[in-house]
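The values are calculated or read from the model by the stated rules, or taken from the named source; none is laboratory data. Keep in mind that what you see is a predicted model, and the values were worked out from it rather than measured. Neighbour counts are summed over all protein chains in view; Cβ atoms, including those assigned to glycine, are modelled from backbone coordinates with ideal geometry. When the accessible area is computed, the model is the full protein with side chains, heavy atoms only, and any ligands, DNA or RNA have been set aside. Shrake-Rupley method; radii C 1.70, N 1.55, O 1.52, S 1.80 Å.
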Amino acid sequence: MGTIQARMEAALQRFLPASETVPERLHRAMRYAVLGGGKRVRPLLAFAAGELTEADPARVEVVAAAVEMIHAYSLVHDDLPCMDNDVLRRGKRTCHVEFDEATALLAGDALQPLAFQILAEHVVADRPDAQIEMLKILAVASGSRGMAGGQAIDLACVGKRLSLPELEFMHIHKTGALIRAAVVLGARCGHGLDAKQLGRLEHYAKTVGLAFQVVDDVLDCDASTATLGKTAGKDAAHEKPTYVSILGLADARALAEELRAEAHAALSSFGATAVRLHDLADFIVLRKF
Ligand code: GRG
């Protein structure tokens, strides 16, 4: 993990405009939002999925950076006063607190197209049509039928009681869509998978995406702000429906375990090439931050 995280830090440094490039303040805000923090779970998933298909790591680095830029933009916008209004992210002041609201909004706005720019500028597939398909996968995962749509549902749900399937629907979009994209794009950097294998990999991505969110909900209520590097206890304070509010803490933890088992089972036919995907399913469920 440390090797990939360091590799990603260097790659993101390279792909981002330098702080001295005009407009300096915007570029500093973009670099502030992306660099020097975060677990890099989505890049780790992309690299692990790339191992399934013997993908060239130089290709995977590009798709992982693109996904991480979309993720970083979503965190900047999510923290804005018009959304979650938070002051702490990745153990430091949120982008709009460090800079200002307009700059943070623009930093997110600029990170999003930069993700597509780097994905268009570098060869990540053997054929142009396959590369265009990869651009589309990231676009759909980020848009109104993916992450942004999930965020819209999330904002509309504050103070409401949701059923478990409704909560799952929201998270499959808000968090799950980009996690799925990271896995699928990482795998697509290498040789093709047949429809059955792709189905199993997508099932893995769906279950780790949901497990990620269940654990996020559990940590929000039983870990400290210092450990998380973001404000703990926010979901209850904002009256947000969560796995913990619907199931209770013990059942939410049990659900995360069930999803972990399901993720491992989805990989059973892949053998040794899936070892890092197995490890990441464990990391996502057992993490403490
Ligand atoms: C603003 C369009 C738009 C979308 C925002 C993902 C998201 C949608 C908001 C983030 C809010 C949030 C805390 C969601 C819970 C799950 C999640 C995405 C946590 C943060 O991801 P990590 O834990 O963060 O991977 P790091 O900092 O490690 O990269």
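Reducing the range 33-71 and the range 216-232 to their Cα centroids gives an inter-centroid distance of 24 Å.
Of the solvent-accessible surface of the chain, computed with a 1.4 Å probe and all protein chains present, 57% belongs to carbon and sulfur. Based on protein heavy atoms only, the chain ends up with 43 Å² per residue of surface accessible to a 1.4 Å probe.
Hydrodynamic estimate: the Kirkwood radius of the range 2-286 over Cα pairs, inserted into Stokes-Einstein at 20 °C and 1.002 mPa s, corresponds to D of 112 µm²/s. Averaging the sequence gap over all C-alpha pairs within less than 8 Å and six or more residues apart, then dividing by the number of residues, gives the chain a relative contact order of 21 percent.
Oblate is the label for the range 83-212. Its Cα gyration tensor axes, ordered a ≥ b ≥ c, give a/c of at least 1.5 and b/c at or above a/b.
Taking the chain as a Gaussian network of alpha-carbon nodes connected by springs under 10 Å, the highest mean-square fluctuation of the residues L16, L111, L247 belongs to L247.
Quick one: net charge around G229, please, counting Lys, Arg +1 and Asp, Glu -1 for every other residue with C-beta under 9 Å from its C-beta. Around G229, the surrounding residues sum to +4.
On the principal axes of its alpha-carbon atoms, the range 201-277 has extents of 43, 25, 18 Å, going from largest to smallest.
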